[in-house]
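Accompanying notes for the structure given below.
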Amino acid sequence: MRQSLKKAQEWAQEVWSKSVKNWKTRNQDYNYKRLLARPGVEKSIKTFRVVRDGIFLDVGCGEGSETRHIRDFLVRQGYTGTFYCFDQQKELIQIAQATSEETSPPITLVFDYGRTGELVEKYDLQGKVDRAFSTFLLQDMPDVERYFETMSLCLKKSGGAIFLLVDPYFGKAMLEKGVLKVNRKLQSELWRWAAEYPIVEEGGKTFYAPYFHRELEDYLKLLYQHFSDVTLFDLRPSNEVIEMSKRDKISPFYDHPGNVYYPEILEIPSSLFLLVTK
């Protein structure tokens, strides 16, 4: 298993290394998060109690755009404290660190890059985190069980985490549609299958991210091993978002050349929230 995991990690890093430039200039992903994912994150945060002088953690923060949105929403809800933000892509963390703050908000951001376990140790976060977040990270990871274990170790007793990922139902639909580049050499009991997953962009600029498919039952089995309570809900666009996107041609919620998500993205859940407590 160790050898297959190493190969999977190397493959995932190779896929991401080819996509970092496109990721930095992407457009559709921002639309999706603005219209669908961010409202879901805000809904999720409201299910937890407000924490003052807390410690918060975002793993897989990228260039920090979603972290800053989460931070700003937490502040509006009355949260204060320190927000640690980690990613393995050095280029993206450098962008996050270079983005200046116009004010000094009640929640301080600390960006760093490297392996999650090493950074958790560096900042002495075990048993100290009140809220943890990851946005579209889980499906990118070959060893998601180790990640859940790390998050569980970081959280305080009764601490909570919000995980947002590609809905397995949607991933399977894209497989059946034939738009994923399946890597049949990568096999392990840690995932069902691995593939390059399209990040749709207009004008022929679609690129790919690593994707390790697990069924919902696989995630739930692992979650209940490390957390005491699990709540989930899925996301699909409202009729209002669909009509607006069709009218204003907002990808990925309208039919344009290269939009392999269409029409499934209107008809079935494309994202899934997993809310857990320690």
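Couple of notes before you dig in:
- When residues of the range 96-134 are limited to those that are under 21 Å from residue 152 (Cα atoms) and of a type in the set (Asp, Glu), the one surrounded by the fewest Cβ atoms within 10 Å (Cβ to Cβ): 124
- Candidate set from the range 58-95 (those that are surrounded by fewer than 21 Cβ atoms within 10 Å (Cβ to Cβ), hydrophobic (A, V, I, L, M, F, W, C) and out of contact with any strand residue (DSSP E or B) (no Cβ under 6 Å at 6 or more places or on another chain)); member that is farthest from residue 164 (Cα to Cα): 95
- A residue that is more than 13 Å from the chain's Cα centre (by Cα) and over 28 Å from residue 229 (Cα atoms) occurs nowhere in the range 130-140.
- Selection of the range 9-38 for residues being touching a residue at least 60 places away in the same chain (Cβ under 8 Å) and hydroxyl-bearing (Ser, Thr, Tyr) yields 19, 32.
- Count of the range 1-38 residues, restricted to those that are closer than 21 Å to residue 163 by Cα and of a type in the set (Asp, Glu), is 1.
- Applying the condition of being without any contact (Cβ under 8 Å) to a residue 40 or more places away in the chain and not charged (D, E, K, R) to the range 139-165 and asking which residue is surrounded by the most Cβ atoms within 10 Å (Cβ to Cβ) yields 150.
- Filtered residue count, the range 186-227, keeping only those that are in contact with a Lys or Arg (Cβ under 8 Å, 6 or more places away or on another chain) and among the charged types (D, E, K, R): 6
- Filtered residue count, the range 148-189, keeping only those that are among the β-branched types (Val, Ile, Thr) and under 29 Å from residue 85 (Cβ atoms): 3
Each reported figure results from applying straightforward, stated rules to the coordinates on display, with no laboratory input. No experiment lies behind these values; they were computed from the predicted model shown. Every residue, glycine as well, gets a Cβ built from its backbone with ideal geometry; the counts of neighbours run over all protein chains shown.
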